[in-house]
Amino acid sequence: MFRIGVLVSGSGTNLQYIIDTIKQNKLDIKIEKVISDREAYALERAKKANIKTILVDRKIYKNKLSDKILEELGEDLDLIVLAGFLSILRGRILEVYKNRIINIHPSLIPSFCGEGMYGLKVHQAALDYGVKVSGCTVHIVDSGTDTGPIILQKTVPVYAEDTAETLQERIHQQEYIALEETIRLFAENRIKIEERKVYIK
Ligand code: GRF
């Protein structure tokens, strides 16, 4: 069985989608643990689904946060999924899980990403720039912020009447699909990474 850990910080709708997809027997994997760096509704979703939850408070662990998360995850999971996780992972966890940590970002990287670019700010920046398409990106996590190799992207149109909220909602729907597809590719061992390029077998 392909075993994953999910890191969260927020409402956890991406996590919920994965939970539901597994329940519907569409994804043959197990979520072993859900870890949050703060009190978050995502933890409630995990508890309701009988998944082990752990709070590793960023305010308590500070620069030891990543090491504590690694300790809680253990070193034998197949994949770590960052589903709305707001802290930056550093140090040993990036080596132990090299090329096995993925993040979902709500824009088409390399646009509207990097430090401080999260939540509605991303969508507001896309609207302010006047782009006509936006979307989401699933990528490998490396030591930078949103800099790792891109696995897949989904696009959505941007409409003149969009607000950051309406654009966010349209992109959210694509995030769910992108994350499901990516996890399945990993579970089927179809992801190959060379240099900084991702090949899908
Ligand atoms: C998503 O927009 C994701 O792209 C970003 O954080 C948000 C998490 O949403 N990294 P949710 O908590 O899964 O609802």
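The values are calculated or read from the model by the stated rules, or taken from the named source; none is laboratory data. Since the structure is predicted, the reported quantities are computational estimates derived from the model, not experimental observations. Ideal geometry is used to build each Cβ from the backbone, glycine not excepted, and the neighbour counts take in all protein chains shown. Only protein heavy atoms, including side chains, enter the accessible area calculation; ligands, DNA and RNA are left aside. Shrake-Rupley method; radii C 1.70, N 1.55, O 1.52, S 1.80 Å.
Points worth noting:
- Positions within the stretch 50-63 being of a type outside the set (D, E) and either over 18 Å from I80 (Cβ atoms) or assigned by TED's automatic domain parsing to the domain that holds E180 (or both), in sequence order: N50, K59, I60, K62, N63
- Search result, residues across the stretch 79-98 that are open to solvent by less than 80 Å² (accessible area, probe 1.4 Å) and either of a type in the set (D, E) or without any contact (Cβ under 8 Å) to a residue 40 or more places away in the chain (or both): G91, I93, V96, Y97
- The residues of the stretch 18-34 that are touching a helix residue (DSSP H, G or I) at 6+ places or on another chain (Cβ under 6 Å) and either farther than 19 Å from G74 by Cα or within 14 Å of the ligand (Cβ to nearest atom) (or both), listed by number, are T21, L27, V34.
- Restricting D67, D57, D76 to those that are over 22 Å from R3 (Cα atoms), modelled with pLDDT of 95 or more, away from the ligand (no atom under 16 Å from the Cβ) and open to solvent by 40 Å² or more (accessible area, probe 1.4 Å) reduces the list to D57.
To keep it simple, each residue is scored yes or no on (1) away from the ligand (no atom under 16 Å from the Cβ); (2) under 19 Å from Y118 (Cβ atoms); (3) touching a Phe, Trp or Tyr at 6+ places or on another chain (Cβ under 8 Å).
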{"position": "T163", "(1), (2), (3)": "no, yes, no"}
{"position": "H172", "(1), (2), (3)": "no, yes, no"}
{"position": "N189", "(1), (2), (3)": "yes, no, no"}
{"position": "K192", "(1), (2), (3)": "yes, no, yes"}
{"position": "V198", "(1), (2), (3)": "yes, no, no"}
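- Which listed residue, of S111, S134, S87, is within 14 Å of the chain's Cα centre (by Cα) and either closer than 21 Å to F2 by Cβ or at pLDDT 95 or above (or both): S87
- Any hit, the stretch 113-129, residues being away from the ligand (no atom under 16 Å from the Cβ) and surrounded by fewer than 17 Cβ atoms within 10 Å (Cβ to Cβ): yes
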